Amino acid sequence: MHPFSTVTLGIFVAGYITARWDLVTRLYELAIFAAEYGVVLRAARGIVVLSAFFLAIFVPVALVARRETRLHPREQGAGISAREQLRRRGSF
């Protein structure tokens, strides 16, 4: 291998290792910070609250939709499509 290529490859590998080590140490410092200030606990509480709101809204809507679908089933082939309605009106 050409000496210049060897030096270039060595510098690249050293830089790569340094960058990875810097990322690992920053991640470690971030984990310590999060543990000290209760970030994980607050994030978990937020997820629980948002999930509760989602379920409080989604479940009743799903139940109403299921009931309405059973009350008014759509038959295949019955009715006309939106495209056909627009064509008949002359809007399409």
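Would you say ALA44 is in contact with a helix residue (DSSP H, G or I) (Cβ under 8 Å, 6 or more places away or on another chain) and in a helix (DSSP H, G or I)? Taking the combined requirement at face value, the residue does not satisfy it.
Of everything in the range 57-92 that is among the polar types (S, T, N, Q) and in a helix (DSSP H, G or I), the residue that is modelled with the highest pLDDT is THR69.
Number of residues in the range 5-30 that are at pLDDT below 90 and either of a type in the set (S, T, N, Q) or within 28 Å of the chain's Cα centre (by Cα) (or both) equals 3.
For the range 51-79, enumerate the residues that are more than 37 Å from the chain's Cα centre (by Cα) and on the phi < 0 side of the Ramachandran plot.
Selection gives ALA78 alone.
The values are calculated or read from the model by the stated rules, or taken from the named source; none is laboratory data. Fair warning: this is a prediction, and the values are worked out from it, not measured in the lab. No Cβ is skipped: glycine too gets one built from the backbone with ideal geometry, and neighbour counts run over all protein chains shown.
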